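Peer 1: Handing you a structure now.
Please treat every number below as a calculation from the coordinates, not as lab data. Please read these numbers as outputs of a predicted model, since none were measured by experiment. Cβ placement follows ideal geometry from the backbone for every residue including glycine, while neighbour counts extend to all protein chains displayed.
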Amino acid sequence: MPVSGLRTEFLFLADGTGDRVKRRAIGAYLGLAVGDALGATVEFLTPSEIRAAYRQHRDMAGGGWLKLRRGQITDDTEMALALGRSILAAGRVDANGAAEAFSAWMRRKPIDIGNTVRRGIAAYRRTGNPESQPSEFDAGNGACMRCLPVALATIGSDIAQVDAANQAQAHVTHNNPTSDAGTLCVLRMVQTAMLGGDRAALTGIADELARADPVFDYARKRSENPSGFIVDTLRTVFQSLFATDSFESALIDCVNRGGDADTTGAITGMIAGALYGPTAIPTRWVRHLERDVRLECIEQAQGLLRLAPLCAAEQR
């Protein structure tokens, strides 16, 4: 069901739609950060290596190949927060603002940065053009991992507007139709969950993507050790979301598949956080996030929603 249709269905519910959407937005942002930090410990490990080291990875531990502190986030959450700041500053999703925010983030020498992201930001610095050249090789998950601020700032918009806003930020580094399609699907899932959609509604959106492009078919064999390719990432995310019935079980299932686990964890976390709400996120995970990160996630969630057409309509 298109996001615009869901807006009409849920806007006038009697249980305080605005408060519920705000809670789910906070859940999505904290879920992103928690999934990132939890998954980063086992990034690039295989499932068998994870079992040998942890039996089952289920607690914030830090470490990993990046030698992180317990609860430390990586580029997934850092780029989302950078994008969120640019949207709040401009009052809308703006390609130049996003490119400047990403460039400033890279200047601070982040602990991790993907090759496609680095290349796209470097090209922007050389040319001043915030849109990278189209490339069949740029179908990575880097635009999807940071897309949450777009979902919050555009909730209540029609799907074409959400798509255009997403491409404005995504094409700074990832100008690829497969990446665009997968990221738009995630945006729709987050918005649908925030508006009260259940797992069946989210499954319908994922199935729609798989029908449009069968490469995303997630009903094949179990996805393990996923790469940074957006298709591998989303197969893992979909399988973990739809095979479980809680935030905690979805995240544990996801990160124990290894591979690009910080990003699969971050994307699973943002969708599951919107679906189940912030109270479903285990306290033992949230409390290990750095305080400044935790507070900015909450503040951005609320600030971005104030820009959204859905919330503007409720305030009139």
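Peer 1: Would you calculate the separation in nanometres between label points at ARG51 and ASN96, each defined as 7 Å from the Cα along the Cα-to-beta-carbon direction?
Peer 2: 5.5
Peer 1: Quick one: if the Förster radius is 51 Å, what FRET efficiency do ARG306 and SER135 give, using the C-beta to C-beta distance and rounding to 0.05? Mind showing how you got there, number by number?
Peer 2: Numbers: r = 35 Å, r/R0 = 0.69.
Using R0 = 51 Å, I get an efficiency of 0.90.
Peer 1: According to a simple spin-label model (label point 7 Å from Cα along Cα-to-Cβ), what is the distance in nm between ARG220 and GLU290?
Peer 2: Each label point is offset 7 Å from its Cα along the Cβ direction, giving 3.8 nm.
Peer 1: Same structure again: Name the shape class, rounded, prolate or oblate, that the alpha-carbon gyration tensor gives for the stretch 134-223, where a ≥ b ≥ c are the square roots of its eigenvalues, rounded holds for a/c under 1.5, and otherwise prolate holds if a/b is larger than b/c and oblate otherwise. Let's see the in-between values first.
Peer 2: Working: a/c = 1.95, a/b = 1.04, b/c = 1.87.
Note, shape of the stretch 134-223 comes out oblate.
Peer 1: Rounded, prolate or oblate for the stretch 35-108? Axes are the square roots of the Cα gyration tensor eigenvalues, ordered a ≥ b ≥ c, and the cut-off for rounded is a/c under 1.5. Write down the numbers at each step before the final one.
Peer 2: Numbers: a/c = 3.34, a/b = 3.01, b/c = 1.11.
Prolate.
Peer 1: Before anything else, pin down the relative contact order of the stretch 127-230: Cα pairs under 8 Å, at least 6 apart, normalised by residue count, whole percent.
Peer 2: Numbers: 105 pairs, mean separation 34.6, N = 104.
It comes to 33 percent, rounded to a whole number.
Peer 1: Nearest 500 deg cm²/dmol is fine: what mean residue ellipticity at 222 nm does the chain get from its DSSP H runs of n ≥ 4 alone, each adding -39,500 (n - 2.57), divided by its residue count? Provide the component values of the computation, followed by the final result.
Peer 2: On the way: 17 runs with 202 residues, N = 316.
So the helix-based figure for the chain works out to -20000 deg cm²/dmol.
Peer 1: Taking the beta-carbon count within 10 Å as an exposure proxy, list CYS297, CYS147 from fewest neighbours to most.
Peer 2: Numbers: CYS297 28, CYS147 25.
Listed from fewest to most nearby Cβ atoms, that is CYS147, CYS297.
Peer 1: Return the aspartates and glutamates within reach of LYS22: Cα separation strictly under 13 angstrom, same-chain partners fewer than 8 residues apart disregarded; answer none if there are no such residues.
Peer 2: GLU299, GLU314
Peer 1: Let me ask you something else. How high is the relative contact order of the chain, given as a whole-number percent (alpha carbon pairs under 8 Å, six or more residues apart)?
Peer 2: Computed over the chain, the figure is 33 percent.
Peer 1: Say each of ILE298 and ASN115 gets a label point 7 Å from the Cα, pointing the same way as Cα to Cβ; how far apart are those two points in nm?
Peer 2: It works out to 4.1 nm between the two label points.
Peer 1: Which far-off residues, 5 or more places away or on another chain, put their amide H under 5 Å from the one on LEU68, with H placed in the peptide plane?
Peer 2: Long-range HN contacts for LEU68: GLY63.
Peer 1: Using Cα positions and a limit of under 21 Å, work out the lysines in reach of LYS67, with same-chain residues fewer than 8 apart set aside.
Peer 2: Within reach: LYS109.
Peer 1: Follow-up. Which residues does the label zone of ARG126 cover in the stretch 137-151, counting backbone N under 18 Å from a point 7 Å along Cα→Cβ?
Peer 2: Residues 137-138 fall inside that zone.
Peer 1: Another one. Note the listed values [x] 37, 23, 19; [y] 25, 23, 20; [z] 29, 25, 21, then indicate which one is semi-axes √(5λ) of the Cα gyration tensor in Å calculated from this particular structure.
Peer 2: [y]
Peer 1: For the stretch 191-316, what is the relative contact order in percent, using Cα pairs closer than 8 Å and at least 6 residues apart in sequence? Working shown, then result.
Peer 2: Numbers: 114 pairs, mean separation 25.7, N = 126.
RCO, the stretch 191-316: 20 percent.
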